[in-house]
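The values are calculated or read from the model by the stated rules, or taken from the named source; none is laboratory data. Computed from a prediction, not measured in an experiment: that's the story for all the values here. Ideal geometry is used to build each Cβ from the backbone, glycine not excepted, and the neighbour counts take in all protein chains shown.
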Amino acid sequence: MFVDSHCHLSFPEFASQLPQIRQAMADANVDRALCICTTLEEFEAVHALAMRYDNFWASAGVHPDNEGIAEPTVDKLVELAARPKVVGIGETGLDYYQMEERKGGRSIADLEWQRERFRTHIRAAQRCGKPLIIHTRASSADTIAILKEEGEDGSAGAVGGVFHCFTETAEVARAALDLGFHISFSGIITFKNAADLREVARFVPEDRLLIETDSPYLAPVPYRGKTNNPSYVAYVARQVAELRGLSVEQVGELTSRNFEALFRPRQS
């Protein structure tokens, strides 16, 4: 009934837990998951999960915050995207959060490498015709601007995609929707201090709505602070259902339908 549209099951904390996680998913009616790649070095492990399990899929990409790793090229991303069960490009985007603290005093101007990496992913997605999985944190203006500059403006030929783990304002959500993108909500919408984000979850059109865990991060209430896993996406669905006056089953159905329309998993 539910699809976790963004999780990181290749991370070390899950290495010995996959049987238990898969049973928990089955118990929670979470029947599919998209395993997200964050470095080229990680890709083979992510792809192996998708090939091993018939209800897992994979992406190909390099997270905007990762440094000191193999830098992607358009050709390399297109090559990886051609592998069986690879359904998206990313996660990719921009991350300017706490620049002074996390980036050794560097300025946003110093992050041109992030912006160029983002453009590389957009061009790869356009070449292979697969959707983008967008990470944007404290960087929404540049994220939107670069998407527009690269032709991701909702017009014919644009590949679109999803703004995953959405935490931005309603204004940013509307801008993303105007560009043809989906919006995905994580366990953050269950947090006490996320009232503004819950308002965003109320107005996103039904046909652009996705849910995710971003496991192992951001476990929803009542598991906040614990290691997240895809079975907990059901709690995100329950919060969305409450906000929108729908049944949990309806949220499961519509978000699963949206996942299929965006990522076309049966064709990969």
Enumerate the pairs (first residue in the stretch 1-27 and farther than 21 Å from Gln250 by Cβ; second residue anywhere and modelled with pLDDT under 95) with beta-carbon separation below 7 Å, excluding pairs fewer than 6 apart on the same chain, so at least 6 apart or on different chains. Ile21/Phe14
Please give the number of the condition Ser268 fails out of (1) modelled with pLDDT under 95; (2) touching a helix residue (DSSP H, G or I) at 6+ places or on another chain (Cβ under 7 Å). (2)
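Which one of Ser140, Ser155, Ser107 is among the polar types (S, T, N, Q), surrounded by fewer than 16 Cβ atoms within 10 Å (Cβ to Cβ) and over 23 Å from Glu260 (Cα atoms)? Break it down stepwise before answering.
Values: Ser140 fails: surrounded by fewer than 16 Cβ atoms within 10 Å (Cβ to Cβ); Ser155 fails: over 23 Å from Glu260 (Cα atoms).
Being among the polar types (S, T, N, Q), surrounded by fewer than 16 Cβ atoms within 10 Å (Cβ to Cβ) and over 23 Å from Glu260 (Cα atoms) holds for just one of Ser140, Ser155, Ser107, which is Ser107.
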When the stretch 58-94 is checked residue by residue, the ones that are among the charged types (D, E, K, R) and modelled with pLDDT of 95 or more are Glu71, Asp75, Lys76, Glu79, Arg83, Lys85, Glu91
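Considering only the stretch 194-211, state which residues are without any contact (Cβ under 8 Å) to a residue 40 or more places away in the chain, of a type outside the set (A, V, I, L, M) and either outside any helix (DSSP H, G or I) or within 14 Å of Val236 (Cα to Cα) (or both).
We begin by selecting, within the stretch 194-211, every residue without any contact (Cβ under 8 Å) to a residue 40 or more places away in the chain; these are 194-197, 199-200, 203-205.
Checking the rest, the ones that are also of a type outside the set (A, V, I, L, M) come to 196, 199, 203, 205.
Answer for the stretch 194-211, where residues must be without any contact (Cβ under 8 Å) to a residue 40 or more places away in the chain, of a type outside the set (A, V, I, L, M) and either outside any helix (DSSP H, G or I) or within 14 Å of Val236 (Cα to Cα) (or both): just Pro205.
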Got a sec? Which of Ile183, Ile188 is touching a Phe, Trp or Tyr at 6+ places or on another chain (Cβ under 6 Å) and either at pLDDT 95 or above or part of a helix (DSSP H, G or I) (or both)? Ile183
How many residues does the stretch 212-260 hold that are assigned to a loop (DSSP other than H, G, I, E, B) and of a type in the set (Val, Ile, Thr)? 3
Tell me, which residue of the stretch 235-257 that is farther than 20 Å from Leu218 by Cα and polar (S, T, N, Q) is surrounded by the fewest Cβ atoms within 10 Å (Cβ to Cβ)? Ser247
Are there any pairs with C-beta distances below 7 angstrom linking a residue in the stretch 144-172 that is more than 16 Å from Cys128 (Cα to Cα) to a residue that is acidic (Asp, Glu), with the two at least 6 apart or on different chains, and if so which? Gly154/Asp178; His164/Glu91; His164/Glu212; Cys165/Glu212; Cys165/Asp214; Ala170/Glu199
For the stretch 102-137, enumerate the residues that are touching a Phe, Trp or Tyr at 6+ places or on another chain (Cβ under 7 Å), at pLDDT 95 or above and outside any strand (DSSP E or B). Pro131
Checked against (1) among the hydroxyl-bearing types (Ser, Thr, Tyr); (2) touching a residue at least 60 places away in the same chain (Cβ under 8 Å); (3) touching a Phe, Trp or Tyr at 6+ places or on another chain (Cβ under 6 Å), Thr92 satisfies every condition except (2)
Would you check if His47 is over 22 Å from Arg266 (Cβ atoms), touching a residue at least 12 places away in the same chain (Cβ under 8 Å) and out of contact with any helix residue (DSSP H, G or I) (no Cβ under 7 Å at 6 or more places or on another chain)? no
